[in-house]
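Everything below concerns the one structure shown next.
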Amino acid sequence: MEGNSVVSEGLPFIYEDNHVLVVNKPAGLLSQGDLSGDLDVLTFAKEIIKKRDKKPGNVFLGLVHRLDRPVGGVMVLAKTSKCASRLSKQFRERTTQKIYYAIVEGIPKTPEAELCHFLKKNTATRITQITGESEGKEARLYYRTVNTYNNRSLLEIRLITGLSHQIRAQLSASGCPIVGDMKYGSLTKFGFGEIALFAKSVSFIHPTTNKNVLIEADLPQTKHWELYSKIFSTRKNL
């Protein structure tokens, strides 16, 4: 993997070249600005680059995909409009590969499986619901149980589609809500403004070199992730 990696205060840059920027988004930070006026990844990254590079004008960054506010992990940004278009197309056409880690309540009925549901987002409640084929969009993901302990499971998840709140809704519908995700049925808190879902890696075709790029991020070093990581590391992998 070519490119540079730097740690900017509050927003780690884990890969950067002249065309692409990949950050490790902290949980609780918006991907893009909204009516709340709270700080978001796009604005934050632009401010960092403008200050670092002493740019007199505006900094261009294109948002090519999003992570939910309470979710942390790998997030890709484009540094030119042409790259933004090419990367957006990859995410839209699902030629990228995204891997997530989740700590869930309960133990899946089968250690690994593909989940398929039809989802529809309720615009009033902003909750994604399981619905019938005629009403919703198809959502598919593959999960693998990495470890279990005390009615908690650590899952590795590969997204096949990429709908809003998909992982959260599908795991909840399968009887294993993500720890801390009260909106989707969790009974356990997980830090402040955070749920136990993390975008661990993403792979895509570089928009200018056409080479495959794989970017991975370390799990957060928050007390909640560290506590669960320690517990699971003492258990024998399945």
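The values are calculated or read from the model by the stated rules, or taken from the named source; none is laboratory data. All values derive from a computational prediction rather than experimental measurement. Don't worry about glycine lacking a Cβ; one is built from the backbone with ideal geometry, like all the others, and counts go over all protein chains shown. Ligands, DNA and RNA are excluded from the accessible area calculation, which covers all protein heavy atoms including side chains. Shrake-Rupley method; radii C 1.70, N 1.55, O 1.52, S 1.80 Å.
Is there a residue being open to solvent by 20 Å² or more (accessible area, probe 1.4 Å), in contact with a Gly (Cβ under 9 Å, 6 or more places away or on another chain) and assigned to a strand (DSSP E or B) anywhere in segment 89-97? Checked against the condition, which is being open to solvent by 20 Å² or more (accessible area, probe 1.4 Å), in contact with a Gly (Cβ under 9 Å, 6 or more places away or on another chain) and assigned to a strand (DSSP E or B), segment 89-97 yields no hits at all.
Does GLY73 meet the test of being over 30 Å from SER174 (Cα atoms) and not in a helix (DSSP H, G or I)? Judged against the criteria, GLY73 is not a match.
Residue-by-condition table, conditions (1) of a type in the set (Gly, Ala, Ser); (2) over 15 Å from LYS25 (Cβ atoms):
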| position | (1), (2) |
| --- | --- |
| ILE195 | no, no |
| ALA199 | yes, no |
| SER203 | yes, yes |
| ILE231 | no, yes |
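Of all residues in segment 203-216, those satisfying the criterion of being β-branched (Val, Ile, Thr), open to solvent by 10 Å² or more (accessible area, probe 1.4 Å) and assigned to a strand (DSSP E or B) are ILE205, VAL213. Residues in segment 152-168 that are aliphatic (A, V, I, L, M) and within 15 Å of GLY106 (Cα to Cα): LEU154, LEU155.
If you take the residues of segment 98-153 that are aromatic (Phe, Trp, Tyr), out of contact with any Phe, Trp or Tyr (no Cβ under 6 Å at 6 or more places or on another chain) and buried (at least 19 other Cβ atoms within 10 Å of the Cβ), which of them is farthest from GLY72 (Cα to Cα)? So the residue we want is TYR143.
The residue of segment 37-88 that is surrounded by the most Cβ atoms within 10 Å (Cβ to Cβ), among those that are in contact with a strand residue (DSSP E or B) (Cβ under 7 Å, 6 or more places away or on another chain) and acidic (Asp, Glu), is ASP40. Residues that are assigned to a loop (DSSP other than H, G, I, E, B), more than 23 Å from ALA113 (Cα to Cα), among the aliphatic types (A, V, I, L, M) and open to solvent by less than 30 Å² (accessible area, probe 1.4 Å) occur in segment 217-237; there is at least one.
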